[in-house]
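The values are calculated or read from the model by the stated rules, or taken from the named source; none is laboratory data. Quick caveat: nothing in here was measured; it's all calculated off a predicted structure. Neighbour counts are summed over all protein chains in view; Cβ atoms, including those assigned to glycine, are modelled from backbone coordinates with ideal geometry.
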Amino acid sequence: MHVDKPFLDRPRSKFELRKIVQEVLGEWDITGYFVMLQEHGATIYPNQHIIGVGEEELRWAEPAVVSSILHEIGHIYLGHYLGEHDDCLLNHIDEYEADEFAFDAVKTRYGYVPTSAGLWMLASHSGWLWHHDTWGHPSYQHRWERLALNGLVPADFHKEIQALGLEKVERV
């Protein structure tokens, strides 16, 4: 089994990060998007043709960045718009579908799902809790469990989190 480094030894430059994002967008024939660096996580703004990537992605291995961007591309390809539903379950289904799109695409791209591909899900959005759903997103635990049921990530996610040193602390 191939084990890749989840973090880079040195942070990549903003230019290098933008280049990776533009390359992935180009592979999916999504052009004319401005890549904006933001504090946390990846977000896509289809109406403004902007994709935001988190500063933490400057330190992530390439498969983590690619997987994160593919999740956002999945929203475009699947016709989703964040929080567009009045029913939180429908918003959660959109997230599950975008996750599956991303991990399927990562598996196709690399021939397997690299260890670091799930890093964006395990480590990003530090203000969100691993165990708690929000109106727009299911908990990362539920998302990971669904990906595991589909054979896209290891079912023993707690070991993955521990191995990456990313155990979450509940905040009250």
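Here are some notes:
- Qualifying helices (runs of 4 or more DSSP H) (wholly inside the range 116-172; at least 2 residues being modelled with pLDDT of 60 or more and loosely packed, with under 14 Cβ neighbours inside 10 Å): 157-163
- Taken together, the residues in the range 1-26 that are touching a residue at least 40 places away in the same chain (Cβ under 8 Å), closer than 17 Å to residue 102 by Cβ and not aliphatic (A, V, I, L, M) amount to 2.
- Residue in the range 31-43 that is surrounded by the fewest Cβ atoms within 10 Å (Cβ to Cβ), counting only those that are farther than 14 Å from residue 66 by Cα and not hydroxyl-bearing (Ser, Thr, Tyr): 32
- Enumeration of residues in the range 52-72 that are farther than 26 Å from residue 132 by Cβ and β-branched (Val, Ile, Thr): 66
- If you check 99, 104, 86 for being more than 12 Å from residue 43 (Cα to Cα) and free of Cβ contacts under 8 Å to residues at least 12 places away in the same chain, only one passes: 86.
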